[in-house]
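Working notes for the structure below.
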Amino acid sequence: MNMAPTVLREGQFRLFFFSREEARIHVHVSHPEGEAKFWLTPEVYLATSTGLNQKQLREAQAVIETHLGEIKNAWHRHFGT
């Protein structure tokens, strides 16, 4: 199993999961200038970030919210929950 499967790519963002991390549903976002982690429940919100400015974080959150169903489905397929 891939340790960090890519869920989707949009613009300069790559959304992915880390295998065998915590059970709470979340997604990681990689960008050339940094990374972030967003919780997906009970709503999409920022957990941590490094190197990304507020505009990039807003853009990343918008990508997640646009594809939220797809990301959650990929989570359940990947982790078997």
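The table below lists the values:
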| read-out | value |
| --- | --- |
| All-pairs alpha carbon distance profile, the chain, 5 Å steps from 0, percent | 3, 16, 31, 27, 16, 6, 1 |
| Extension reserve of the T48-F18 stretch, reckoned as 0.36 nm per residue once the Cα distance is removed | 9.3 nm |
| Computed [θ] at 222 nm, helices only, for the chain once each DSSP H run of length n ≥ 4 contributes -39500 (n - 2.57) | -9500 deg cm²/dmol |
| Label point at E10 placed 7 Å out along Cα→Cβ; residues across the range 48-65 whose backbone nitrogen lies under 11 Å | 59-65 |
| Cα long-axis angle, helix 54-66 against the chain (0 to 90 degrees, to the nearest 10) | 40 |
| Qualifying GluC sites (Glu not before Pro) for the range 4-66 [loop in DSSP, other Cβ within 10 Å: at most 16] | E21, E22, E33, E43 |
| Folded to 0 to 90 degrees: helix 68-79 orientation relative to the chain principal axis, Cα | 40 |
| Low-density loop positions, trypsin sites (Lys or Arg not before Pro), the range 15-81 - DSSP coil, at most 13 other Cβ in 10 Å | R20, R24 |
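No lab work stands behind these numbers, since they all come straight from the coordinates. Here the structure is a predicted model, which means the values were calculated and not measured. Cβ coordinates were reconstructed from backbone atoms using ideal geometry, including for glycine residues, and neighbour counts include every protein chain displayed.
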